[in-house]
1. Describe numerically, in nm with one decimal, the distance between label points set 7 Å from Cα along Cα→Cβ at residue 75 and at residue 48.
2. On alpha carbon coordinates alone, what is the Rg over Rh value for the chain, Rh being the Kirkwood radius?
3. For a 23 Å ceiling on Cα separation, which of these pairs sit above it: 40/101; 69/101; 40/73?
4. If a paramagnetic tag sat 7 Å from the Cα of residue 25 along the Cα-Cβ line, which residues of the range 47-76 would have the backbone N under 14 Å from that point?
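None of the figures in this text is laboratory data; all of them are computed from the coordinates on show. Remember, it's a predicted structure, so these values are computed and weren't measured experimentally. Ideal geometry is used to build each Cβ from the backbone, glycine not excepted, and the neighbour counts take in all protein chains shown.
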Amino acid sequence: MSNLTEIPNLREKVIETLKTIYDPEIPVDIWELGLIYDLKIFPINNVYIQMTLTSPNCPSAETIPQEVKDKIKAIEGVNEVELELTFDPPYSTDMMSDVAKLELGFM
């Protein structure tokens, strides 16, 4: 597949991939945890992700963002991946999806 061709459903493929990445201390994926603040797909097949971690002192602060970049870049046809790590606004459990809240016993 040429990088000059738009990938159909790329946003969905990126979300599916994000749902395979877990914070090692929490049995819920980073998408359902609400760690992804923003996801944009730009021409041609460039992916921008703004994300946070459960805490700035998270032991996985080095590994999770790199895993995100590596796995998104591995999607066939993805051109570039830009990842911005932010702690503003600070993460809270309010950002979790209902799926994550149920999984972790918050509901």
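1. With each label placed 7 Å out from Cα toward Cβ, I get 1.6 nm.
2. With Rh from the inverse mean 1/r over Cα pairs, Rg/Rh is 0.99.
3. 40/101; 69/101
4. Output list for this probe position: 53-64.
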